[in-house]
Amino acid sequence: MKRKYVAGIAVAAAVVVAGGTYAGVASAGASKTTTSLPGQASISSGTTLTVCSNPTPSWQDNFNPFDSSALGGTIGNVYQPLFYFDSVTGKQFNLLGTSFKFSDDNKTLTVQLRPNAKWQDGKTFSSTDVVFTFMELKRYPDADTNGIWQQLTSVKAAGPHTVVFQFKTANIPFAETYVLGSTYIVPEAQWKSLGDPTKAKITSQNAIGTGPFKVSYFSPQDYKFTANPLYYGGKPKVQTLSYPAYGGNQGADLALASGQIQYGGIDIPNIETTFVKADPAHNHYYFPPSEPVELYPNLHNPLLAQLPVREAINDAINRNVLSTKGETGYEKPGTPTSLVLPNDQAWEAPDLTPSEKAFTVNDKLAVQTLEKAGFHRGSDGIFEKNGQKLSFDLLTVSGWSDWDEDALLIKQQLQQIGIAVQVDQKDYAAYYNLIDPGKGQIPKYALAISWTNTGPTPYTTYYDMLDTNGNFNLEGFHNAAVDAALSNYSATTNLAQQKKDLYKVEHIVAQQLSVICLLDGALWYEYNDSQFTGFPTKQNLWIYPSPDSPLPASIVLSQLKPRT
């Protein structure tokens with residue numbers, strides 16, 4: 001499982017998809033009346049579509065786009081950025097913006113806004129809302145989780161439908177990914193009196209965005225959205241979206257196979273038997289490799305900050321076992337560089353050593369590494385030094401059955417070399433708050449299984465995960481050579497130079513093990529098209545398809561049509 005919030009970087013020759021009609025599907029139109037029942041998992045009727053990407057036992061009424069634990073659909077369905085840059089296709093989807101251009105040696109960015117956009121309460125959207133949102137990030141730095149004001153010098157309105165951004169230095173990938181693609185615009189009229197946006201109480205009663213769906217119902221067991229009649233792309237034809245709570249993958253798997261869920265992002269064991277066979281004509285899936293699944297060591301921990309400890313952990317993990325048992329063969333072992341192959345093959349450094357290209361399992365070497373570093377086994381068989389035992393909690397998400405199984409397997413494997421692991425399963429909100437408690441705060445975990453963000457090139461993964469200012473640098477890694485290489489990459493459009501810059505990062509990643517790659521995470525995507533049509537398919541993958549990424553999911557949902 002995974003949860004992905006950051007959009008991918010646009011490629012230089014992105015396909016622009018503008019207006020209310022997106023590539024591969026028809027524009028939205030009228031919808032029917034909902035038949036969903038409050039608080040219950042909805043069964044498709046041609047008007048209600050049920051979504052599940054993150055099985056969770058119960059929900060909390062949180063629709064704040066500045067809060068990383070906000071409910072799925074907050075981003076995309078309700079709140080939107082200016083553009084969406086698709087990491088699978090390279091397409092540019094125009095949302096609140098219609099066009100943009102760089103000037104002044106790429107240090108000035110001018111954005112044209114959509115003149116017909118409205119807030120869901122009927123008020124007019126304009127450049128003042130965009131400027132206000134970005135100024136809130138400056139006024140409250142804890143809300144600026146992407147470090148936008150480390151790059152910007154100013155943002156100003158140049159008329160009701162034009163915004164101009166000034167950057168300290170040229171950084172096109174950053175501008176596209178974070179300024180244009182990952183800052184969710186909020187209405188000034190509502191938010192100007194709310195103070196720190198990260199602490200604002202935005203619930204089902206007062207969530208107001210510009211997106212295609214608006215919140216219509218909430219309970220701890222289900223929440224719903226209805227089609228927004230004011231949406232600039234036209235009122236979606238799917239009238240109601242339902243997001244029921246499930247205690248784990250097993251319950252969600254059964255609901256998906258029976259047709260109670262029509263749009264899913266779930267790891268289903270034996271999917272051909274348990275899902276496709278239940279309705280071969282309408283149950284479909286696609287699980288391509290998508291992103292690295294990492295074991296994040298918290299480098300603030302004085303034991304995990306020691307390279308020999310990370311090397312021993314790395315040498316003891318049998319990724320083939322994780323692949324076959326934990327992931328039922330859907331995900332193959334990852335690479336020491338965290339490149340996802342074959343997706344990133346063109347970016348792989350030609351001079352990687354065998355140990356930098358592939359993992360091996362070597363318990364004997366792991367033990368020798370610890371002993372050489374001054375550790376010795378205690379009476380319980382666990383290595384220790386200076387009274388500190390190699391004993392760590394391993395954080396994962398309760399109910400994400402594949403990761404939960406992976407964690408148990410890692411516990412068993414590390415026990416063999418004298419490292420104790422206690423698997424700590426938390427619900428998703430608690431899990432995320434521990435790995436990412438907020439800007440400037442130290443994460444409160446020892447080891448954690450998690451994802452990282454991806455884009456059309458490995459730059460996105462490396463910047464977010466490894467750069468000192470990266471927005472998913474959970475482990476707390478700081479390396480001047482990595483920062484310099486990524487900075488050089490961002491300042492040029494020369495492909496050969498960009499590859500050289502990333503080659504440097506690849507060597508450091510493989511040698512330093514600041515994050516320990518486990519698997520090439522699959523993109524979990526299932527759908528049932530008995531009642532709705534227009535889903536991305538393997539043959540027509542017009543956008544990132546899985547509902548685990550809420551922004552492209554909202555575009556998919558806005559373009560679906562009831563089957564007639």
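Of all residues being without any contact (Cβ under 8 Å) to a residue 60 or more places away in the chain and farther than 18 Å from Pro57 by Cα in the range 230-268, which is surrounded by the most Cβ atoms within 10 Å (Cβ to Cβ)? Just the residue, please. Quick ask: steps written out before the conclusion?
So in the range 230-268, the residues without any contact (Cβ under 8 Å) to a residue 60 or more places away in the chain come out as 253-254, 257-258.
Subsequent filtering for residues that are farther than 18 Å from Pro57 by Cα retains 257-258.
Values: Ala257: 22, Ser258: 14.
Result: Ala257.
Filtered by the rule that a residue be closer than 30 Å to Tyr428 by Cβ and assigned to a strand (DSSP E or B), the range 387-398 gives Lys389, Ser391, Phe392, Asp393, Leu394, Leu395, Thr396, Val397. Take the range 237-272 and flag every residue that is β-branched (Val, Ile, Thr) and at pLDDT 95 or above. Within the range 237-272, Val238, Thr240, Ile261 qualify.
Give the range 323-344 a look and list any residue that's outside any loop (DSSP other than H, G, I, E, B) and more than 22 Å from the chain's Cα centre (by Cα), or say none.
Result: Thr324, Lys325.
Looking at Leu523, Leu518, just one residue is open to solvent by less than 50 Å² (accessible area, probe 1.4 Å), out of contact with any Asp or Glu (no Cβ under 7 Å at 6 or more places or on another chain) and in contact (Cβ under 8 Å) with a residue 24 or more places away in the chain, and that residue is Leu523. The single condition among (1) part of a loop (DSSP other than H, G, I, E, B); (2) farther than 30 Å from Leu557 by Cα that Ser530 does not satisfy is (2).
Residues that are farther than 22 Å from Tyr445 by Cα, of a type in the set (A, V, I, L, M, F, W, C) and not in a helix (DSSP H, G or I) within the range 456-497 comprise just one, Ala491.
Mind checking which residues of the range 288-300 are part of a loop (DSSP other than H, G, I, E, B) and open to solvent by less than 40 Å² (accessible area, probe 1.4 Å)?
Pass one, the range 288-300, residues part of a loop (DSSP other than H, G, I, E, B): 288, 298-300.
Within the range 288-300, Pro288, Asn298, Leu299 meet the criteria.
Going through the range 304-318 one residue at a time, which ones are assigned to a helix (DSSP H, G or I) and open to solvent by 10 Å² or more (accessible area, probe 1.4 Å)? Those that are assigned to a helix (DSSP H, G or I) and open to solvent by 10 Å² or more (accessible area, probe 1.4 Å): Leu307, Pro308, Arg310, Glu311, Asn314, Asp315. Remark: pairs (first residue in the range 468-486, open to solvent by 50 Å² or more (accessible area, probe 1.4 Å); second residue hydrophobic (A, V, I, L, M, F, W, C); Cβ separation under 9 Å; 6+ apart in sequence or on different chains) = Thr468/Phe477; Thr468/Ala480; Thr468/Val482; His478/Leu299; Ala481/Val505; Ala481/Ile508. Of the residues in the range 461-473, at least one is closer than 30 Å to Pro55 by Cβ, in the same structural domain as Ile317 (by the TED database) and acidic (Asp, Glu).
Residues considered: Leu518, Leu523. Of these, the only one that is at pLDDT 95 or above and either at negative phi or not assigned by the TED database to the domain that holds Gln92 (or both) is Leu518. Does Thr124 satisfy the condition of being of a type in the set (Val, Ile, Thr) and free of Cβ contacts under 8 Å to residues at least 24 places away in the same chain? When the stated conditions are applied, Thr124 passes them.
Among the listed residues Glu371, Glu384, Glu356, identify the single one that is among the acidic types (Asp, Glu) and in a strand (DSSP E or B).
Numbers: Glu371 fails: in a strand (DSSP E or B); Glu356 fails: in a strand (DSSP E or B).
None of the others qualify; the one that does is Glu384.
Of the residues making up the range 101-134, those that are in a loop (DSSP other than H, G, I, E, B) and either out of contact with any Phe, Trp or Tyr (no Cβ under 7 Å at 6 or more places or on another chain) or not hydrophobic (A, V, I, L, M, F, W, C) (or both) are Asp104, Asp105, Asn106, Lys107, Arg114, Pro115, Asn116, Gln120, Asp121, Gly122, Lys123, Ser126.
The values are calculated or read from the model by the stated rules, or taken from the named source; none is laboratory data. From a predicted model like this one, the values you see are computed outputs, not experimental measurements. Glycine gets a Cβ as well: all are built from the backbone with ideal geometry, and neighbour counts include every protein chain shown. Please note that ligands, DNA and RNA were not included when accessible areas were found on the heavy atoms of the full protein model with its side chains. Shrake-Rupley method; radii C 1.70, N 1.55, O 1.52, S 1.80 Å.
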